[in-house]
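Undergrad: Submitted below is the structure of interest, expressed as structure tokens.
The values are calculated or read from the model by the stated rules, or taken from the named source; none is laboratory data. Keep in mind it's a predicted model, so treat the numbers as computed, not measured. Note: ideal-geometry Cβ built from the backbone for every residue, glycine included; neighbour counts use all protein chains shown. Keep in mind that these areas ignore ligands, DNA and RNA; they rest on the heavy atoms of the full protein, side chains included. Shrake-Rupley method; radii C 1.70, N 1.55, O 1.52, S 1.80 Å.
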Amino acid sequence: MPNNEIPCFRCGICCRRYQVRLSLVEARRIAHELGMIWDDFASQYLDKRWPGTESMLLRQSHGGCLFLEQEEGSAIASCHIHAFRPSSCREWTPGVSRPECQQGLEKCWGLQVDDQGKLKGSRANRQRFQVFLKSLDRQGDSTL
């Protein structure tokens, strides 16, 4: 893979490993997009342990972001608020050198990354993965 780049293949590992930080403006926008009044959104989705007023953390549930949805019977995950996700999520760039992406490649596709950043694994697994990535391009959805 050139330049260590890889499109997001929707494993959800990053959404499980990190707690999302967002600004007050982003939090209010998400509440609006979900059709919720601010107080309800804040009580249901924001981590009360974070003392910030200008920035806040989304709560986690079941070991990950509240908005992460695992597709039933699949290793693929989806973000319920992808279209209006916070900047910290939009700015995340997947790459074969990222431990989270390496973990997702192993878990979801049985692939590893060698020292040169090339995918290693069975030919069948590599081909399956490439077909999946192409399907994301066709859908216009190469991110979570």
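Undergrad: Which of the trypsin sites (Lys or Arg not before Pro) found in the stretch 46-97 are loop residues per DSSP with 10 or fewer other Cβ atoms within 10 Å of their Cβ?
TA: Here the trypsin sites (Lys or Arg not before Pro) that fit, given the DSSP loop and packing criteria, are LYS48, ARG49.
Undergrad: For the stretch 29-102, what % of the accessible area comes from carbon and sulfur atoms, probe 1.4 Å?
TA: 50
Undergrad: Quick one: which residues, 5 or more positions from LEU66 or on another chain, have an amide H under 5 Å from its amide H? H modelled 1.01 Å from N in the peptide plane, none for Pro or chain starts.
TA: The list, which skips near neighbours in sequence, is SER61.
Undergrad: Give me the percent relative contact order of the stretch 1-98, please, defined on Cα pairs under 8 angstrom at least 6 residues apart.
TA: RCO, the stretch 1-98: 41 percent.
Undergrad: Starting at the first residue of the stretch 48-55, write each ³J(HN,Hα) from the Karplus equation 6.51 cos²θ - 1.76 cosθ + 1.60 with θ = phi - 60°, in whole Hz, x for Gly and Pro.
TA: 5, 6, 7, x, x, 10, 9, 9
Undergrad: Under a crude label model (7 Å from the Cα following the beta-carbon direction), how far is ASN125 from GLN112 in nanometres?
TA: With each label placed 7 Å out from Cα toward Cβ, I get 0.9 nm.
Undergrad: With a probe of 1.4 Å, find how much accessible area the chain has per residue, and write the answer as a whole number in Å².
TA: 60
Undergrad: Which residue, SER61, SER122, SER74, tops the fluctuation ranking in a GNM of the chain built on C-alpha contacts under 10 Å?
TA: Checking each option, the largest mean-square fluctuation is seen for SER74.
Undergrad: Mind sorting out which of (1) 1.32; (2) 1.02; (3) 1.06 is the real Rg/Rh (Cα atoms, Kirkwood Rh) computed from the coordinates?
TA: (2)
Undergrad: Each label point is 7 Å from the Cα along the Cα-to-Cβ direction; what then is the distance between the points at GLN19 and ASP137, in nm?
TA: 3.9
Undergrad: Along Cα→Cβ, 7 Å out, is where each label goes; now give me the distance between the ones at ILE37 and THR93 in nm to one decimal.
TA: Calculated label separation equals 4.3 nm.
Undergrad: Do any GluC sites (Glu not before Pro) in the stretch 1-77 lie in a loop, going by DSSP, with at most 10 other beta-carbon atoms within 10 Å of their beta carbon, and if so which?
TA: Sparse-neighbourhood loop GluC sites (Glu not before Pro): GLU54, GLU72.
Undergrad: Between SER74 and THR53, what length comes free when the chain is fully extended (0.36 nm per residue of separation minus the Cα-Cα distance, one decimal in nm)?
TA: 3.8 nm
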